[in-house]
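*Asks:* If you scroll down you'll find the structure; I have some questions about it.
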Amino acid sequence: MLLAIYSSKLFAQQHMQTEILGNTESINKQGNVLIIKTKEAEARIWVYSPTIIRVGISKEHSADTSFAVIQKPSENLDYTESPDEIVLTTSELKLRISKAPLRFNFYTLDGKVLSEDDARFGVNWQGTRVVNYRKLYKDEKFIGLGEKTGDLNRRGSSYVNWNSDVPDHTPKSDPLYETFPFFVGLHGGLTYGLFFDNTHKSYFDFGATTDDTMSSFGADAGDMNYYFFGAQSVAQIIEDYTWLTGRMEMPPLWSLGYQQCRWSYASAAEVLDIAENLRKDKIPADVMYCDIDYMDHYKIFTWNKETFPNPKAMIDKLKAMDFHLVTIVDPGIKVEPGYKQYDEGVANNYFATYPNGEKFIGSVWPGRCHFPDFFRDDVRKWWGASFTALTKPGVEGFWNDMNEPAAWGQDIPWMVKFGNYYMPEIRNAYGMQMARATYEGTKKILGNKRPFVLTRAAYSGTQRYSAVWTGDNSAYDAHMLLGQRMVNSLGITGMSLVGVDIGGFSGDPTPELMVRWNSLGVYTPMFRNHAAKGTKYREPWRWGKDNEAIIKKDIEQRYRLLPYIYSSYYQSHQTGLPVSRTLAINYTQDTTIFDTKYQNQFLFGDAILVAPVESTRFTEDVYLPAGEWYRQSTGEKFEGGKAISADAPLTDLPVFIKAGAIIPMQNVIQSTNEKGDGILEINVWYGKEANSFVYYEDDGSSYDYQKGAYYKQEISFDPTKNNIVLSAADGSFQSKYDKIKLVLHGFKKDIKVKVDGKRVALTDNGVIFNNDNKIIKVDF
Ligand code: MIG
């Protein structure tokens, strides 16, 4: 008898159990939360906004914390109850909850299905592992998840989130460095979003392995905690998601210029030499980087006394040439008594430990290292204050690397503790918390100056603190295209300021690939040339005179476009809409844009369509969505809704302008410090439909814009009224452009133009007038 009980226990231990969320046992409203209990778990439902409903299903209801979410639920919670179901309604959405078994099904107000639980399996557990199976619709597509390999449409693919250092990853590798558990589903002409806010190792399957009947998402542990977004456009879903998780502040203008990096410029002399060369060859640039070799034995917050003997003198010289310096920091603090950060960290118990309290040691660049516990407020403050070692001599940008966190061997023991958390619970948020510490600390030190922070590892919400780049890519064409898809995908998940290593980190690009990739870099939100140790030098003049001329011309175009780009960042700051936008944002229902042939194309800001092209191809099929388009370089006009064959020589990436576009530009300057000729060139491309653009400007470096020191002007084009109107500017900032030049593209040849009622002659299709900060009306 005893033996029988004993062996059945053993049996239970050896075999995994599956528990499926069962029947409702009680329903309770407590304030603004609806609580539904079943035998297995407890579900809580909150309404965050009319288009955002949160469902939290938990076995134990641990503390309700989030690294991502910055909003509180609303007070509204309206529902009705019948014997079979609970129906929760907002002004935009309906959530029908079936009671037995407990399942969650979302509809539009007029009853169209957005997303339903799989009636059989819904939410279920195996041990601590929790999964939600949802119905998969025949035509359903999926986009999102941020930095992921694969196609734009993620249908038929599965992914894992587990922040990892993956040098030499391929266009198929997964997981990579960052975790953004947010996707958008598209079916039947409808849209919805879903954010699974759980930092454990997580899993998404978009019909890859369930005979095309279910999609699923889940995690190794933690709650089934998700936010459902029911807005009926991808742009509105992104706006809602970034309302929930935060938006970026205005970036320093200099960070939008050309950035020159290498692992590593080995000495102050070399850094200065590269900067001087950029100026000598008149290649516009704003940023130089120091990678890990500027440090003394890779000790964070130190300088190598031999190779960088006088950092301030070096940075002063860079500043005199209008360069800003970004330096790298890694999380690993070298175990070395006498080293300030080590001593302070040990004295205050700032480092991660084993369960017995012993400090964890992992090996990285400095050798044996401890790892700061960035989940603690006091540790973040300490880390942030340490940046004075870099800010004192004048560093203004802070590059956070290796924060997955990486250690040689790559698998930090799961029993390592960060405060009360074991590593697997929060690994995916470590990099984000490091970037947060860096951002909050340097912002405090720099006073009213905007720091630039760049991080490799990230979690949802990182846009509040930092830019990201896509890690160690490689110098071949497929990687260039993959990088573009990742940039576009990161944009869906709230990350607007995003870059890839232009040229490919590992390996050596051919001159053609370098030139091509640089021309794509013009239209990459963050434009940084970077390369690994051991590769050939990558700077614009290393490719022969002819190639240098192309690279230079393309970088000049980036600087010409900065007024448009900066205004696009203002949109990201205001609405969360990214600067690089997959066509799935504006042309969601056009199935052709998901064709793998066209899936890398994107809109850069509102109106510039860019088609990435491999370096070995000199004509390319480009799909132009509905509407009319102009080739930027030739002005040739095309009817959209079809693919065209576009010339694509290395000198001319296929770039198209949407009819009706309003694109503010400026003359070529060598850096964002330079004032230029004082003329804001507003390009209007004729179209049949009215359009408007919000032009935005501020000092580009301080937070005064948050107190009204900006210049904001609406520019509208109306072909039915034959006019273009510039509104008076909003805000207290004085524009740096004292003249405006209006340039008309695609208008009738013999057009007559009046500015504020007075006839003026067109020169080079343009009219020029003073920027007196009053309404200006141009009739044509
Ligand atoms: O183990 O700092 O992704 O951009 O140049 C490699 C050296 C560490 C990885 C980063 C890369 C950087 C490199 N780092």
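The values are calculated or read from the model by the stated rules, or taken from the named source; none is laboratory data. Bear in mind that the values here come from a model prediction, so they are computed numbers and not experimental data. When we count neighbours, we look across all protein chains shown, and the Cβ atoms used for this are built from the backbone with ideal geometry, even at glycine. Note: areas computed on protein heavy atoms with side chains; ligands, DNA, RNA excluded. Shrake-Rupley method; radii C 1.70, N 1.55, O 1.52, S 1.80 Å.
*Asks:* Is there a quick way to get the dipole size of the chain? I mean about its Cα centre, with the Cβ of Lys and Arg at +1 and of Asp and Glu at -1; what is the value in debye to the nearest 20?
*Replies:* Its charge dipole is roughly 900 debye.
*Asks:* Could you state how much accessible area Met16 has, in square angstrom rounded to the nearest 10, with a 1.4 Å probe and all protein chains kept in place?
*Replies:* Roughly 140 Å² of Met16 is accessible to a 1.4 Å probe.
*Asks:* Which Cα, out of Val335, Ser74, Ile426, lies furthest along the positive dipole direction of the chain (beta carbon charges, K/R +1, D/E -1)?
*Replies:* Checked the options; the winner is Ser74.
*Asks:* Considering the zone a paramagnetic label at Asp281 would reach in this model (a point 7 Å from Cα along the Cα-to-Cβ line), which residues of the stretch 661-694 have amide N under 18 Å from it?
*Replies:* Residues passing the 18 Å test: 669-671.
*Asks:* Measuring from label point to label point, each 7 Å out along Cα→Cβ, what is the Lys545 to Ala320 span in nm?
*Replies:* Simple spin-label model gives 3.1 nm for this pair.
*Asks:* OK, next. Per residue, how much accessible area does the stretch 612-769 show when a 1.4 Å probe rolls over the protein heavy atoms, in square angstrom?
*Replies:* Each residue of the stretch 612-769 exposes 46 Å² on average to a 1.4 Å probe.
*Asks:* What does the helix-only formula give at 222 nm for the chain: each DSSP H stretch with n ≥ 4 adding -39500 (n - 2.57), the total divided by the residues, and the result rounded to the nearest 500 deg cm²/dmol?
*Replies:* -6000 deg cm²/dmol
*Asks:* OK, next. If each of Gln71 and Ala313 carries a label point 7 Å out from its Cα toward its Cβ, how far apart are those two points in nm?
*Replies:* Calculated label separation equals 5.4 nm.
*Asks:* Where the centre of each part is set by its Cα atoms, how far does the stretch 473-495 sit from the stretch 134-213, in angstrom?
*Replies:* Each part's Cα centre sits 15 Å from the other's.
*Asks:* At what distance in angstrom do the alpha carbon centres of the stretch 272-320 and the stretch 411-434 lie from each other?
*Replies:* 33 Å
*Asks:* Same structure, new question: Starting from the stretch 25-68, pick out the trypsin sites (Lys or Arg not before Pro) whose DSSP state is loop and whose Cβ has at most 10 other Cβ atoms within 10 Å.
*Replies:* Here the sparse-neighbourhood loop sites are Lys39.
*Asks:* Moving on to the next point. Shape of the stretch 40-100 from its Cα gyration tensor (a ≥ b ≥ c, root eigenvalues): rounded if a/c is under 1.5, otherwise prolate when a/b > b/c, or oblate?
*Replies:* oblate
*Asks:* Lys37: which lysines have alpha carbons under 22 Å from its alpha carbon, excluding same-chain residues fewer than 8 sequence positions away?
*Replies:* Excluding near neighbours in sequence, the set is Lys29, Lys59, Lys94, Lys99.
*Asks:* Could you tell me which residue out of Asn586, Val160, Ile36 lies farthest along the dipole of the chain toward its positive end? Charges go on the beta carbon: Lys and Arg +1, Asp and Glu -1, centred on the Cα centre.
*Replies:* The one lying farthest along the dipole's positive direction is Asn586.
*Asks:* Can you give the extra length, in nm with one decimal, that the chain gains between Lys721 and Thr170 once fully stretched, where that is 0.36 nm per residue apart less the Cα-Cα distance?
*Replies:* 193.1 nm
*Asks:* Follow-up. Near Tyr737, within a Cβ-to-Cβ distance under 15 Å, what is the net charge of the other residues, with Lys and Arg +1 and Asp and Glu -1?
*Replies:* Summing Lys/Arg as +1 and Asp/Glu as -1 gives -1.
*Asks:* Something else now. I need the peptides 580-588, 680-688 ranked by packing, meaning the mean over residues of other C-beta atoms within 10 angstrom, with the highest value on top.
*Replies:* 580-588, 680-688
*Asks:* Taking K and R as +1 and D and E as -1, what net charge do the other residues with C-beta under 9 Å from the C-beta of Arg134 add up to?
*Replies:* Taking every other residue near Arg134 into account, the sum is -2.
*Asks:* Taking K and R as +1 and D and E as -1, what net charge do the other residues with C-beta under 13 Å from the C-beta of Lys752 add up to?
*Replies:* So the environment of Lys752 carries a net charge of +3.
*Asks:* Listed here are the pairs Lys72/Lys658; Lys141/Lys658; Lys381/Lys707; which of them are more than 32 Å apart at the Cα?
*Replies:* From the list (Lys72/Lys658; Lys141/Lys658; Lys381/Lys707), the Cα-Cα distance tops 32 Å for Lys72/Lys658.
*Asks:* Filter the trypsin sites (Lys or Arg not before Pro) in the stretch 108-170 to those in DSSP coil with at most 14 other Cβ atoms within 10 Å of their Cβ, and list the result.
*Replies:* Those that pass, being in a loop and sparsely packed, are Lys112, Arg120, Lys138.
*Asks:* Which Cα, out of Gln260, Thr199, Gly222, lies furthest along the positive dipole direction of the stretch 186-262 (beta carbon charges, K/R +1, D/E -1)?
*Replies:* Looking along the dipole axis, the top candidate is Gln260.
*Asks:* Between Ser363 and Asn32, 0.36 nm times their residue separation minus their Cα-Cα distance comes to what?
*Replies:* 114.3 nm
*Asks:* Next up: Efficiency by 1/(1 + (r/R0)^6): what FRET value for Gln574 and Gln17, r their Cβ-Cβ distance, R0 = 56 Å, to the nearest 0.05?
*Replies:* The calculated FRET efficiency here is 0.70.
*Asks:* Tell me, how many Å apart are the Cα centres for the stretch 552-574 and for the stretch 728-760?
*Replies:* 20 Å
*Asks:* Let me ask something else about it. Using +1 on the beta carbon of Lys and Arg, -1 on that of Asp and Glu, and nothing else charged, what's the dipole of the stretch 115-241 about the Cα centre, debye to 20?
*Replies:* 260 debye
*Asks:* Which residues in the stretch 621-659 place their backbone N less than 18 Å from a point set 7 Å from the Cα of Lys749 along the Cα-to-Cβ direction?
*Replies:* Label zone hits: 635-637.
*Asks:* Distance in nm between label sites at Thr651 and Ser633, each 7 Å beyond Cα in the beta-carbon direction?
*Replies:* Roughly 0.8 nm, to one decimal.
*Asks:* Continuing with the same structure: What does the highest-first list of 561-572, 89-100, 630-641 look like by mean Cβ count within 10 Å?
*Replies:* Taking the mean over residues of other Cβ atoms within 10 Å, the ranking is 561-572, 89-100, 630-641.
*Asks:* While we're here: Under 19 Å from the Cα of Lys642, which aspartates and glutamates turn up, not counting those fewer than eight places away in the same chain?
*Replies:* Asp590, Asp595, Glu620, Asp621, Glu628
*Asks:* Follow-up question, since we're still on this one. Going down the list Lys319/Lys443; Lys282/Lys754; Lys112/Lys138, which pairs span over 27 Å between their C-alpha atoms?
*Replies:* Exceeds cut-off: Lys282/Lys754.
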